[in-house]
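To keep things clear, I will list the structure first and then write my remarks on it.
Taken together, the values in this text are just the output of simple stated rules run on the coordinates, not laboratory data. Keep in mind the model is a prediction, meaning the values are calculated, not measured. All Cβ positions, glycine included, derive from the backbone under ideal geometry; neighbour counts span all protein chains shown.
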Amino acid sequence: MSMDSPTPTPKSRIHTIRRQRVMIDADLAEIYGVETRRLNEQVRRNPGRFPADFMFRLTATEKAEVVANCDILPSVKFSRTTPFAFTEHGAVMLAAVLNSPRAVAASVAIARAFVRLRRMTFGRKELALRLRRLERRVGAHDGSIKELFDALGALIEGPPEPVRRIGFEP
């Protein structure tokens, strides 16, 4: 995984499917330096390591959507089977199953990419929450602020001066 290669980064290979961030088996196989069928073979041999919250098989509709949105997966487009999608935990578990130095190094890079995405998402949510709180606080004070300015304006202007009549006063 050299920086000079045009290979996309793990972060760019993370997709959102079923409201989860996942990576497709073909991408993981390329990153780990194995064939997709070997990766899936290891998953089948170790079913206890890959519960439903670590991986799932895409539906035909999901596969078509991923292929349409991601042009780096030509092998998935022409495959007769639907690919597996691995969550962050499933991608890291693959490194343990594949047990090669490249798989371990790649799993660290993948875990870091998931963490960066999580931090970015959290930062945006936190900022939006703070903005909503500020809007509520300021919105509740708008009327009070206007009343305060009206009162200050009245104090600055002072009471109206009495009208003086011209002429003799008894």
Exercise for the section: Starting from the Cα of R44, step 7 Å along the direction of its Cβ; do the same at L117; then give the gap between the two resulting points in nm. Expected result: 2.7 nm
Completion exercise
Taking a ≥ b ≥ c as the square roots of the eigenvalues of the Cα gyration tensor, with a/c under 1.5 meaning rounded and otherwise prolate when a/b exceeds b/c and oblate if not, the stretch 11-122 is rounded
Fill in the blank from the handout: In order over the stretch 27-34: 3J(HN,Hα) from phi, Karplus 6.51/-1.76/1.60, θ = phi - 60°, whole Hz, x for each Gly or Pro, gives 5, 4, 4, 5, 5, 7, x, 10
Completion exercise
Karplus ³J(HN,Hα) for the stretch 99-112 (6.51 cos²θ - 1.76 cosθ + 1.60, θ = phi - 60°; Hz, whole; x = Gly/Pro) runs 6, 10, x, 5, 5, 5, 4, 5, 5, 5, 5, 5, 4, 5
Completion exercise
Here the stretch 55-69 yields Karplus 3J(HN,Hα) values (6.51, -1.76, 1.60; θ = phi - 60°; whole Hz; Gly and Pro given as x) of 6, 7, 8, 5, 7, 4, 5, 5, 4, 4, 5, 5, 5, 5, 7
Fill in the blank from the handout: A correct fewest-to-most ranking of E62, E147 by other Cβ atoms within 10 Å would be E147, E62
